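Following: one structure in structure tokens, then a few remarks.
The values are calculated or read from the model by the stated rules, or taken from the named source; none is laboratory data. Keep in mind it's a predicted model, so treat the numbers as computed, not measured. Note that each Cβ is placed from the backbone with ideal geometry, even for glycine, and that neighbours are counted across all protein chains shown.
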């Protein structure tokens, strides 16, 4: 089988998570500067078999697009140009950053470690991907 990759794209940083080849377990891969996302993915896709990419879709509480939507739409346009044959699925990313921060607290990370925004982004991408996998199994 192939992997599924999840992207939590942000203005400054992008969290990335990936499944194992059996698409059972989601693991954090890395956090990268957002401007390097296409270059990073080009290298990653050349080494790994990825069949689908999940891209977080930020929404407000009322379901309307958030203020960061235009930035993510631009990234998706660039992504489609760079990887025209890759399947993309948008996934609601509401609360993933809050859940990531809560996960860090529950896992016993010290306050200094919890201030690492790159780690928050990577965990948020992992939560987004694991939630997708859980819904897929139901």
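Pairs are defined by a Cβ separation below 7 Å, a sequence spacing of at least 6 or placement on different chains, a first member in the range 41-55 that is exposed (fewer than 11 other Cβ atoms within 10 Å of the Cβ), and a second member that is not in a loop (DSSP other than H, G, I, E, B); the pairs so defined are 49/3.
So which of 71, 88 ends up being at pLDDT 70 or above, within 14 Å of residue 5 (Cα to Cα) and surrounded by 13 or more Cβ atoms within 10 Å (Cβ to Cβ)? The conditions single out 88. Going residue by residue through the range 29-43, is there one that turns out to be over 17 Å from residue 134 (Cα atoms) and in a loop (DSSP other than H, G, I, E, B)? Checked the range 29-43: no residue is over 17 Å from residue 134 (Cα atoms) and in a loop (DSSP other than H, G, I, E, B). Filtering the range 1-13 to residues that are modelled with pLDDT of 95 or more and within 23 Å of residue 71 (Cα to Cα) leaves 4, 5, 6, 7.
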